[in-house]
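**Q** Once you've had a glance at the structure underneath, I'll fire off some questions.
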Ligand SMILES: Cc1cc2nc3c(=O)[nH]c(=O)nc-3n(C[C@H](O)[C@H](O)[C@H](O)COP(=O)(O)O)c2cc1C
Ligand code: SF4
């Protein structure tokens, strides 16, 4: 024990030095009053999320995603058992606002009995994107689930690569986010190119939108649609800043900005200033690229939406898709007041926007995309019932590739390498194995959606209507979703022609099953 003779005095000396430093500093009263001990508070605060997550939190606590929700994503991504035993531990009886899906005893479909069947089933969108406005490159997205816009810059290159490869494996679209197309987006996954207020990736040296550059990017990459970002649920009407330290040569090249200088995204677009000029720009982009063009926006004041829909009804211009992002959505970094309090949560926001289009007879011509914790099957089903045609999943896809919800995305110290530009931290994320996880997660979500559609007696989740969901008001009352949001009978579903087309598609795609053949006495 000779080492202890030296180690103990050394430790005592170090503690004494620490105590002296705490006593003499003036910045932190706690450390001045409780030398050394006071530091424990800062340590506990910094590891609080992890402590709560692993030791203290119950299954349905923790935000944004509860332990059960994360467990479901992790298990699905790893193709492990994602079932839950003993029955629900959600407080169904007493939770107001809890959605209940109403299954049907008899239905048009006879699903196979094995619950895991259908993992690889195709689940295309029930509308053809860009068809209503005759876009040259209109297409039917192969997957109702897509990966939401999260730029290279907010996510590490390896995370973007994992998501893009995962998108290719799962056959779903991958939105670039507002940072442009990076080398990490070129791993086989097809893209929705997002155009943000700073026009990253399609701007000239002075930061102005550059149409020729956009066309070059579209020609050089598997871009299937363009999304004009008006706002994001977590920080609407707020610009962004990527600090100089994070503007690496690679990010600078991707975004078309100088290396090592603060990179500012303005809060508004320079190319248009109202709905009229927005629609002109949409038509210009569609005509020049042939691609379907849509908008992404959070929902606040409804004036914008009514003006947009009026103009679409009254003039020959229009967006091909509308992505509604909920206020509960994620971000790399934003002020608390914006993440917590600005813009409506998805369900309420979407249920205000959809009727504005429906009242003007435009709902069947627009593809509606939803985002805001819709990568969880129960939320997703409500979104479909309200009229969503496609889901964009952000943080759930991050969870699938290893995010542990440490909530340090904003300070570049993400411990799992997902949301950081720190090369050492990002090194830990293996894009190949995480791509498999992203794909498994997406396929499992699609499979669960298919299973719920079958339980509701329809061939596709897009055919689940607003009568199939009720919202509980507590133990003794509930209201049909249609009534909660005042939906008319045909709202929330695709046109009759689109319904027939998707039923025909699914009838050849989805595995059919049933039990043993009926006995001779059965009445058919
Ligand atoms: C790290 C991170 C970065 C994001 N970057 C963008 C972006 O560049 N553009 C955008 O429109 N939305 C961005 N978002 C928002 C997501 O695309 C999505 O709309 C939102 O998180 C809601 O989906 P979720 O609840 O499935 O995460 C970002 C979200 C996160 C978590
Ligand atoms: S693990 Fe990384 S990506 Fe996930 S919440 Fe934490 S910091 Fe953000």
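The values are calculated or read from the model by the stated rules, or taken from the named source; none is laboratory data. Just so we're clear, the structure is a prediction, and the values are computed from it rather than from any experiment. All Cβ positions, even for glycine, are placed from backbone atoms using ideal geometry, and neighbour counts span all protein chains on display.
**Q** List every residue pair whose Cβ atoms lie under 9 Å apart, where the two residues are 6 or more positions apart in sequence or sit on different chains, the first residue falls within the stretch 394-410 and is closer than 16 Å to residue 375 by Cβ, and the second residue, located anywhere, is within 6 Å of ligand 2 (Cβ to nearest atom) and at pLDDT below 90.
**A** Correct list of pairs: 398/409; 403/409.
**Q** Here's a follow-up. Of the numbered conditions (1) away from ligand 1 (no atom under 16 Å from the Cβ); (2) crowded, with 19+ Cβ neighbours inside 10 Å; (3) in a helix (DSSP H, G or I), residue 493 satisfies every one except a single condition; which is it?
**A** (3)
**Q** Something else: Out of the residues in the stretch 173-190 meeting the condition of being surrounded by fewer than 24 Cβ atoms within 10 Å (Cβ to Cβ) and assigned to a helix (DSSP H, G or I), tell me which one is farthest from ligand 2 (Cβ to nearest atom).
**A** Once the filter is applied, the top-ranked residue is 183.
**Q** Among the residues of the stretch 147-172, write down those that are more than 16 Å from ligand 2 (Cβ to nearest atom) and surrounded by fewer than 24 Cβ atoms within 10 Å (Cβ to Cβ).
**A** Residues satisfying the conditions are 165, 168, 169, 171.
**Q** Among the residues of the stretch 356-378 satisfying the criterion of being within 15 Å of ligand 1 (Cβ to nearest atom) and out of contact with any strand residue (DSSP E or B) (no Cβ under 8 Å at 6 or more places or on another chain), which is nearest to residue 453 (Cα to Cα)?
**A** Selected residue: 377.
**Q** Shifting gears a bit: Looking for something more than 15 Å from the chain's Cα centre (by Cα) and assigned to a helix (DSSP H, G or I) - is there at least one such residue anywhere in the stretch 363-371?
**A** Checked against the condition, which is being more than 15 Å from the chain's Cα centre (by Cα) and assigned to a helix (DSSP H, G or I), the stretch 363-371 yields no hits at all.
**Q** For the stretch 83-91, indicate whether the set of residues that are more than 16 Å from ligand 2 (Cβ to nearest atom) and touching a residue at least 60 places away in the same chain (Cβ under 8 Å) is non-empty.
**A** No, the conditions are met nowhere in the stretch 83-91.
**Q** Condition first: within 16 Å of ligand 2 (Cβ to nearest atom) and at negative phi. Now tell me which residues in the stretch 370-401 satisfy that.
**A** Hits for the stretch 370-401 are 375, 393, 394, 395, 396, 397, 398, 399, 400, 401.
**Q** Check the stretch 406-420 and report whether any residue there is under 30 Å from residue 367 (Cα atoms) and more than 18 Å from the chain's Cα centre (by Cα).
**A** no
**Q** Do you know which of the residues in the stretch 246-258 that are more than 16 Å from ligand 2 (Cβ to nearest atom) and in contact (Cβ under 8 Å) with a residue 60 or more places away in the chain is surrounded by the most Cβ atoms within 10 Å (Cβ to Cβ)?
**A** Step by step, filter the stretch 246-258, then rank; the result is 255.
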